[in-house]
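Presented below is the structure to which this report refers.
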Amino acid sequence: MKNDFDPIAWFLERIFRYHNKCNILLWKYPIRLICFIKGVRIGRKVNFNGFPVIRRYANSKITIGDNCTFNSARNSVKVGLHDRCTLVTLIKNSEIVFGNNSGGSGIMVIAATKIIVGNNVLIGSHTMIIDNDFHHSDPRKRYVNEDIPARRIIIEDNVFIGTNCMILKGITIGKNSVIGANSVVITSIPENSIAIGNPCKIVIKKRWDVPKE
């Protein structure tokens, strides 16, 4: 029987794996200290692989639950990253909330009202979740940072969002749903759905909790 063992691939895989573990240990306490100084609430066993961008506006809130992971280092995932994780609250009383066992790679989450990410939510690389338009569609108001449309975003438990997606204002993604790569979500997606596209549309409804016959 032919031996399929590839020592070079095995060695490189070990380097990748242990490099990430060392990176997480290296950044763990400095990032927690910076988050504490910035007033960001962090739960237990939160892992930061690389240094994220976190900007909390005065009298706003950023809360991260237990066992969350945020990958920001360029080589922290095998596909590679060209952006760090970014969490930003733009105005007073805006809020970002991550539940337990959630996170993402090179993601951007920007809140002017409230963005809620539930438990066990996996967010693919370079996905953007933005609850506002940044600039008004009315050209008379476009260069004035007032009255900018913004609506809350809710991502419920057990959602998987693929790479390079954009989740826009006023959206709710129901529990257990999957959003395919490169989707632009402009309308809410019900629970137990697989949706993809620009604009994002449901292609399959599936009850994950029903056993196969």
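The values are calculated or read from the model by the stated rules, or taken from the named source; none is laboratory data. Computed from a prediction, not measured in an experiment: that's the story for all the values here. Backbone-built Cβ (ideal geometry, glycine too); neighbour counts: all protein chains shown.
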Self-check item: Selection within the range 48-107 - surrounded by fewer than 18 Cβ atoms within 10 Å (Cβ to Cβ), among the aromatic types (Phe, Trp, Tyr) and closer than 14 Å to residue 35 by Cβ
Solution: 51
Quiz prompt | the range 108-154 - residue that is under 17 Å from residue 57 (Cβ atoms) and charged (D, E, K, R) and, of those, modelled with the lowest pLDDT | solution = 146
Quiz item: Within the range 158-179, can one find any residue that is farther than 22 Å from residue 98 by Cβ and either touching a residue at least 24 places away in the same chain (Cβ under 8 Å) or among the aliphatic types (A, V, I, L, M) (or both)?
Solution: no
Quiz prompt | Failed criterion for residue 44 (all others in (1) surrounded by fewer than 11 Cβ atoms within 10 Å (Cβ to Cβ); (2) modelled with pLDDT under 90; (3) basic (Lys, Arg) hold) | solution = (2)
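Only one residue in 148, 167, 116, 154 is touching a strand residue (DSSP E or B) at 6+ places or on another chain (Cβ under 6 Å) and crowded, with 20+ Cβ neighbours inside 10 Å, so which one is that?
Values: 148 fails: crowded, with 20+ Cβ neighbours inside 10 Å; 116 fails: crowded, with 20+ Cβ neighbours inside 10 Å; 154 fails: crowded, with 20+ Cβ neighbours inside 10 Å.
Among 148, 167, 116, 154, only 167 is touching a strand residue (DSSP E or B) at 6+ places or on another chain (Cβ under 6 Å) and crowded, with 20+ Cβ neighbours inside 10 Å.
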Self-check item: strands (runs of 3 or more DSSP E) enclosed by the range 67-170 - at least 1 residues per element that are under 15 Å from residue 54 (Cβ atoms) and in contact with an Asp or Glu (Cβ under 9 Å, 6 or more places away or on another chain)
Solution: 86-89, 108-111, 114-117
Quiz prompt | Unmet criterion (only one of (1) without any contact (Cβ under 8 Å) to a residue 60 or more places away in the chain; (2) at negative phi) for residue 59 | solution = (2)
Quiz prompt | Conditions (1) aliphatic (A, V, I, L, M); (2) touching a residue at least 40 places away in the same chain (Cβ under 8 Å); (3) more than 19 Å from residue 155 (Cβ to Cβ); number of the one not met by residue 53 | solution = (2)
